[in-house]
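Notes to accompany the following structure.
The values are calculated or read from the model by the stated rules, or taken from the named source; none is laboratory data. None of the values given here were measured: they were computed from a predicted structure. Reconstructed Cβ throughout: ideal geometry from the backbone, glycine too, with neighbour counts over all protein chains shown. Each accessible area value is taken on the protein alone, full model and side chains, heavy atoms only, with ligands, DNA and RNA left out. Shrake-Rupley method; radii C 1.70, N 1.55, O 1.52, S 1.80 Å.
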Amino acid sequence: MSAQPRMPIESGVPDAFQYMHPALRRNYGQWAWHDRPRPGVLHHVAETGEEVWTVRAGTQRQMDVYTIRKLCDIADQHAEGYVRFTNRSNIEFIVSSAGKVDPLIAVLEEAGFPVGGTGNSVSMISHTQGFLHCDIPATDASGVVKSLMDELYEEYINERMPNRVRITTSCCQINCGGQGDIAINIQHTKPPRINHDLVGNICERPSVVARCPVAAIRPAMVNGKPSLEVDERKCMCCGACYPPCPPMQINDPENSKLAIWVGGKNSNARTKPTLHKLVAAGLPNNPPRWPEVGAVVKKILKVYQEDARDWERMGEWVERIGWSRFFELTELPFTRYHIDNWRGARQTLNSSTHIRF
Ligand code: SF4
Ligand code: SF4
């Protein structure tokens with residue numbers, strides 16, 4: 001008897017249709033038009049004439065089981081038992097009659113979940129995992145988001161920005177943060193400190209050497225043990241060596257700062273997607289409220305709100321007025337660290353798989 005091939009065990013994302021509101025399932029891909037009756041509410045009308053209302057509320061993303069139960073109870077009692085999360089951790093409840101919208105909003109607000117985040121508002125901030133799930137963060141991510149959204153509450157529940165504003169945060173300098181109108185990212189300012197006693201036991205030295213984008217790491221013998229050394233004149237403090245080699249500690253309460261970047265977007269509506277650019281560096285990583293970061297973000301939002309034309313995304317606005325005018329209006333200091341044209345990157349960045357010593 002021939003051996004039976006082992007069948008794969010499905011462990012990916014489950015089929016989303018089984019969790020969808022029946023009206024969404026029935027009309028999938030057949031929507032005629034939609035509008036927004038008020039901030040936080042989307043109204044969709046299908047080609048068949050069937051209608052649904054989606055009520056969007058903000059959450060703190062990292063939720064305990066009691067909060068999740070509370071949200072599920074609200075869905076069962078005041079919506080129709082269906083919820084979904086957006087990738088910015090907004091929760092959406094779907095109902096099939098207009099009469100259910102106002103009572104649902106009242107219950108959500110009573111329970112402390114603000115309704116908004118649609119259209120030209122500052123929607124929830126998309127953020128990375130922080131200390132809860134990742135082994136390399138230099139700051140918390142959900143904490144920065146919570147403290148900032150507390151201050152931007154009015155901009156979440158209203159739609160009074162020139163266009164939508166998407167903010168992102170990233171708790172290290174190299175990995176999972178995304179492009180945003182405003183991005184708040186960790187910025188290391190000192191090269192890694194190496195614990196030579198541990199390197200030989202923990203790190204695969206050739207992989208760590210290959211990981212450095214500017215070829216600043218070399219193998220070395222220290223106190224008779226195999227270790228690594230960093231050429232600090234080349235090191236640009238990116239932190240890429242730290243994940244594969246934890247003894248190359250780069251996180252530091254004083255020297256790991258926060259930086260703010262402006263003008264990125266993923267959408268290709270009207271203009272192409274853009275990369276955000278550095279506008280403020282060296283802000284203190286100051287939990288639990290990160291007030292210095294909050295002040296800069298609020299200043300940028302205020303100037304954008306006052307100066308941009310209707311429907312200009314933040315990057316499009318800066319592109320029109322020019323970066324020098326942006327720094328004038330926001331009163332942020334412009335330094336040589338902001339000049340970033342990447343000419344010469346081909347010579348200085350490690351863009352091949354070769355290991356260089
Ligand atoms: S941004 Fe970096 S530190 Fe934060 S969760 Fe992603 S990989 Fe981890
Ligand atoms: S990987 Fe980054 S932090 Fe590590 S030595 Fe190279 S440039 Fe410096």
Worksheet, complete the sentence: Long-range amide H partners of V222, meaning residues 5 or more apart or on another chain whose placed amide H is closer than 5 Å, are S227
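So for the chain, averaging the separation of alpha carbon pairs under 8 Å that are six or more residues apart and normalising by length, what relative contact order in percent results?
Values: 652 pairs, mean separation 45.5, N = 357.
Once divided by the residue count of the chain, the mean separation gives 13 percent.
Output the pairs from K190/K277; K234/K272; K146/K272 with a Cα-Cα distance over 23 Å in this structure; if there are none, say none.
Numbers: K190/K277 21 Å; K234/K272 34 Å; K146/K272 30 Å.
Where the Cα-Cα span goes over 23 Å, the pairs concerned are K234/K272; K146/K272.
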Worksheet entry | Amide H contacts of Q249 (H built 1.01 Å from N, under 5 Å, at least 5 apart or other chain) | R193, N195
Worksheet item: For the chain, modelled as a Gaussian network with Cα springs under 10 Å, which listed residue fluctuates most, D135, D15, D64?
Response: D15
Item to complete: Apply the Karplus parameterisation 6.51 cos²θ - 1.76 cosθ + 1.60, with θ equal to phi minus 60°, to every residue of the stretch 226-237 and state each ³J(HN,Hα) to the nearest whole Hz, in sequence, with x for glycine and proline.
Response: x, 8, 9, 9, 10, 7, 5, 6, 8, 4, 9, 6
Worksheet entry | the chain: most fluctuating residue of E316, E204, E155 per GNM, C-alpha cutoff 10 Å | E204
Discussion item. So, R0 is 51 Å and r is the distance between the beta-carbons of R325 and I9; what FRET efficiency does that work out to, to 0.05?
Written reply: 0.35
Worksheet item: Which peptide among 30-36, 139-145 comes first, and what is the full order, when sorted by highest mean count of other Cβ atoms within 10 Å?
Response: 139-145, 30-36
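Could you compute the FRET efficiency for K302 and D102, with r as their C-beta to C-beta distance and R0 at 45 Å, rounded to 0.05? Show your work: numbers first, answer last.
Numbers: r = 31 Å, r/R0 = 0.70.
Once rounded, the FRET efficiency stands at 0.90.
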Worksheet entry | No Cys partner within the rule (Cβ under 4.7 Å), the chain | C72, C134, C171, C172, C176, C212, C235, C237, C238, C241
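Report the trypsin sites (Lys or Arg not before Pro) located in the stretch 160-212 that are in a DSSP loop and have at most 16 other Cβ atoms inside 10 Å of their Cβ, or state none.
On the way: sites: R160, R164, R166, R193, R211; in loops: R160, R164, R166.
Answer by residue number: R160.
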Worksheet item: According to a simple spin-label model (label point 7 Å from Cα along Cα-to-Cβ), what is the distance in nm between E292 and E204?
Response: 3.8
Discussion item. If you average the C-alpha positions of the stretch 1-23 and of the stretch 228-249 separately, how far apart do those two centres end up, in angstrom?
Written reply: 42
Worksheet item: Picking from I91, I202, I217, which is most flexible by a Gaussian network model of the chain using Cα springs under 10 Å?
Response: I202
Response to the item:
Extend 7 Å from the Cα of T271 along its Cα-to-C-beta direction; within the stretch 311-341, residues with backbone N under 12 Å of that point are 311-323
Worksheet, complete the sentence: Asserting the computed 222 nm helical MRE of the chain (DSSP H runs at least 4 long, -39500 (n - 2.57) per run, divided by residue count, to nearest 500) equals -7500 deg cm²/dmol
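In a shell of Cβ-Cβ distance under 14 Å around S97, excluding S97 itself, what net charge do Lys and Arg (+1) and Asp and Glu (-1) give?
Values: positive: K100; negative: E50, E51, E80, D102.
The answer is -3.
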Fill in: Heavy-atom SASA rank of K299, K257, K146, K265 (probe 1.4 Å, accessible area, largest first)
K146, K299, K257, K265
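Extension gain R233-R84, at 0.36 nm per residue separation less the Cα-Cα distance, in nm? Provide the component values of the computation, followed by the final result.
Numbers: separation 149, 0.36 × 149 = 53.64 nm, distance 4.92 nm.
Contour length minus Cα-Cα distance gives 48.7 nm.
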